[in-house]
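Have a look at the structure below, then the notes.
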């Protein structure tokens with residue numbers, strides 16, 4: 001459970017894109033992640049050729065085998081296709097699947113893009129018992145508005161990205177009950193309406209096996225692999241203002257890409 005005596009820092013335990021692209025093989029994961037980021041950001045347009053294997057070997061300082069592994073991962077994601085005697089061509093600017101959460105900066109870590117909407121199914125007020133307090137990382141007895149629903153892709157209307165459970169501090173109940181919550185993250189509405197800024201964000205990602213209810217909602221078989229993502233949003237003084245739980249089907253239903261580096265202007 002996260003201590004509330006001080007604001008937590010954004011953790012180093014965030015699952016990085018290399019793990020999602022290539023499991024435990026960091027060399028070709030690094031190459032695949034870098035090239036995928038360039039495609040997602042439009043730096044390599046659909047229809048253009050990637051550099052030759054030799055050029056990629058020189059750029060990344062890796063072997064030809066490593067480059068081929070990386071290109072295979074991009075092919076598996078549906079981003080590129082190779083042709084004998086021609087090279088490797090970019091064929092899509094989004095991986096196969098319903099949704100890509102592309103994180104290029106610390107601020108983008110906090111949520112999903114405007115291309116999604118939250119289909120709210122239920123709102124209710126709850127008091128944190130020992131179990132819920134441990135789940136949220138809050139003291140027992142604190143009160144919350146629990147908002148549950150399905151996060152849908154704006155680009156594929158019938159695609160459910162995740163099962164979503166938001167716990168919003170009761171003092172921001174007007175935000176929890178707002179229709180704007182379908183399109184705008186709670187932490188952002190709290191900032192707009194109350195002037196309370198997010199001072200720190202903590203995110204944890206874990207692997208799970210989907211139970212029958214979760215699998216049915218996500219359109220996969222029970223027992224399929226899934227991802228559980230918990231995000232905690234803290235105001236000044238380490239006060240927890242929102243905790244968001246999302247459960248995703250793994251595989252080609254959801255891709256999380258993370259690129260850390262200097263913020264880009266514009």
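Descriptive notes on the structure:
- Inter-probe distance in nm under a simple model that places probes 7 Å from Cα toward Cβ, at residue 170 and residue 63: 6.2
- The separation of the range 24-71 from the range 118-180, counted between C-alpha centres, amounts to 39 Å.
- Cβ-derived FRET efficiency at R0 25 Å, residue 76 paired with residue 148, nearest 0.05: 0.15
- Applying 1/(1 + (r/R0)^6) with R0 = 51 Å to the Cβ-Cβ distance of residue 55 and residue 216 gives a FRET efficiency near 0.60.
- The Rg/Rh ratio for the range 202-245, using Cα coordinates for both the radius of gyration and the Kirkwood hydrodynamic radius, is 1.18.
- Length added when fully stretched, residue 135-residue 119, from 0.36 nm per residue minus Cα-Cα: 3.5 nm
- By average C-beta atoms within 10 angstrom, highest first, the peptides 60-73, 37-50: 60-73, 37-50
- Here the label points at residue 92 and residue 192, each 7 Å from Cα along the C-beta direction, are separated by 3.2 nm in the simple model.
- Extension gain (nm, one decimal) between residue 83 and residue 34, 0.36 nm per residue minus Cα-Cα: 15.5 nm
- Relative contact order of the range 17-90, pairs being alpha-carbon contacts under 8 Å that are 6 or more residues apart, as %: 33
Rule-based calculations on the coordinates, nothing more; no lab input. Here the structure is a predicted model, which means the values were calculated and not measured. Quick reminder, even Gly has a Cβ in these numbers, built from the backbone with ideal geometry, and neighbours come from all protein chains shown.
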